[in-house]
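Have a look at the structure below, then the notes.
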Amino acid sequence: QQPVQSPQAVILREGEDAVINCSSSKALYSVHWYRQKHGEAPVFLMILLKGGEQKGHEKISASFNEKKQQSSLYLTASQLSYSGTYFCGTEDNNNDMRFGAGTRLTVKP
Amino acid sequence: GAVVSQHPSWVICKSGTSVKIECRSLDFQATTMFWYRQFPKQSLMLMATSNEGSKATYEQGVEKDKFLINHASLTLSTLTVTSAHPEDSSFYICSATGQATTYEQYFGPGTRLTVT
């Protein structure tokens, strides 16, 4: 079953923060986050494994709450280059992978 | 980082013909490759999972006789769209994972297929 992402779309000004949420109805082994620019393949951002870990990459970080079957992606002090569609991919304990519908992020000057 | 290539980048073909798309892992051994399809402004849809040397596992609703997947080596998987129809027009993306990449999936650049 496909994970649910929210919000569907968000528009920011440069320097503002955003949070993208991903929730699943299934017990999860891992959560993957990807960013896709228009017309391009997705680019891997990070993976979080069960154990409730958090990860960060420059000003993009994420958390994974396996009990709640949720993950959140945090973008701080957004840059123009952050624009794109963000997908979460959830992997269950059977290694079954599903992607959310995506969150379209637009960062304006 | 791990690099995955796809060929061709885009292809236009006529209805009824077959098209082959290649997916290669350039600097690692891909024990598993995934094929996705993406419609405009929609999420990636997993079509099938292939492990080197064995038959692909297709997702429900994906016709295995129409979308032939071969994973002949640890660096190459191919997707052949047989008897293509206009509704097969889409963006096809492969991804690969292997022992060296642990849990990450690395995506190819995608292939834009247009069937006229």
* At what distance in nm do the modelled label points of A:VAL43 and A:GLN2 sit from each other, each positioned 7 Å from its Cα along Cα→Cβ? -> 2.5 nm
* Take the solvent-accessible surface of the protein heavy atoms, probe 1.4 Å, and return the percent of it on chain A that carbon and sulfur atoms account for. => 46 percent
* Asked: What residues have an amide H closer than 5 Å to that of B:LEU76, excluding those fewer than 5 places away on the same chain, when H is modeled at 1.01 Å from N in the peptide plane?
  -> B:SER25
* To do: Whole Å is fine, so just give me how far the alpha carbon centre of region A:69-109 lies from that of region A:1-56.
  => 2 Å
* To do: Estimate the FRET efficiency between B:SER5 and A:LYS67 by the formula 1/(1 + (r/R0)^6), using the beta-carbon distance for r and 41 Å for R0, to the nearest 0.05.
  => 0.55
* Within a 10 angstrom radius of each residue's Cβ in A:66-73, how many Cβ atoms of other chains show up on average? Whole number is fine. => 0
* Taking each residue of A:89-98 in turn, how many C-beta atoms of other protein chains fall within 10 Å of its C-beta, and what is the average? -> 3
* Asked: Counting only heavy atoms of protein chains, what accessible area per residue, in Å², does the protein assembly as shown have with a probe of 1.4 Å?
  -> 50 Å²
* Where the centre of each part is set by its Cα atoms, how far does region B:1-35 sit from region B:60-94, in angstrom? -> 9 Å
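Ranked highest first by the average count of other Cβ atoms within 10 Å around their residues, in what order do A:98-109, A:7-18 fall? Display every interim value, and only then the final one.
Numbers: A:98-109: 18.4, A:7-18: 12.8.
Descending mean neighbour count gives A:98-109, A:7-18.
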* To do: Just tell me how shielded A:29-42 is by partners: mean number of partner chain Cβ atoms within 10 Å of each residue's Cβ, no decimals.
  => 4
* Structure fact -> Over chain A, the quotient of the Cα radius of gyration and 2.2 N^0.38 Å is 1.00
* Amide H to amide H under 5 Å from B:SER89: which residues, 5+ apart in sequence or cross-chain, H placed 1.01 Å off N in plane? -> B:VAL115
* **Under Karplus coefficients 6.51, -1.76 and 1.60, residue-wise ³J(HN,Hα) of region A:41-48 in Hz, glycine/proline x** => 6, x, 10, 5, 9, 6, 10, 10
* Which cross-chain or sequence-distant (5 or more) residues have an amide H under 5 Å from the amide H of A:SER83, H modelled 1.01 Å from N in plane? -> A:VAL107
* Asked: Please state the relative contact order of chain A as a whole percent: Cα pairs under 8 Å, 6+ residues apart?
  -> 38 percent
* Structure fact -> Mean Cβ-within-10 Å packing, highest first, puts peptides A:27-35, B:14-22 in the order A:27-35, B:14-22
* Asked: How big is the B/A interface in buried accessible area, both sides summed, 1.4 Å probe, to the nearest 100 Å²?
  -> 1400 Å²
* Using R₀ = 41 Å, calculate the FRET efficiency as 1/(1 + (r/R₀)^6) where r is the Cβ-Cβ separation of A:ASP17 and A:ASP92; round to 0.05. => 0.85
* Asked: Hey, rough spin-label estimate for B:THR116 and A:THR76, points 7 angstrom out along Cα→Cβ, what's it come to in nanometres?
  -> 5.2 nm
* To do: Would you mind computing the Rg to Rh ratio of the protein assembly as shown from its alpha-carbon coordinates, Kirkwood style for Rh?
  => 0.97
* Given a cut-off of under 8 Å on Cα pairs at least six residues apart, what relative contact order in percent is computed for region B:1-105? -> 34 percent
* Structure fact -> Share (percent) of C-alpha pair distances in region B:17-116 greater than 16 Å works out to 53 percent
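The values are calculated or read from the model by the stated rules, or taken from the named source; none is laboratory data. Model, not experiment: these values are computed from the prediction. Backbone-built Cβ (ideal geometry, glycine too); neighbour counts: all protein chains shown. Each accessible area value is taken on the protein alone, full model and side chains, heavy atoms only, with ligands, DNA and RNA left out. Shrake-Rupley method; radii C 1.70, N 1.55, O 1.52, S 1.80 Å.
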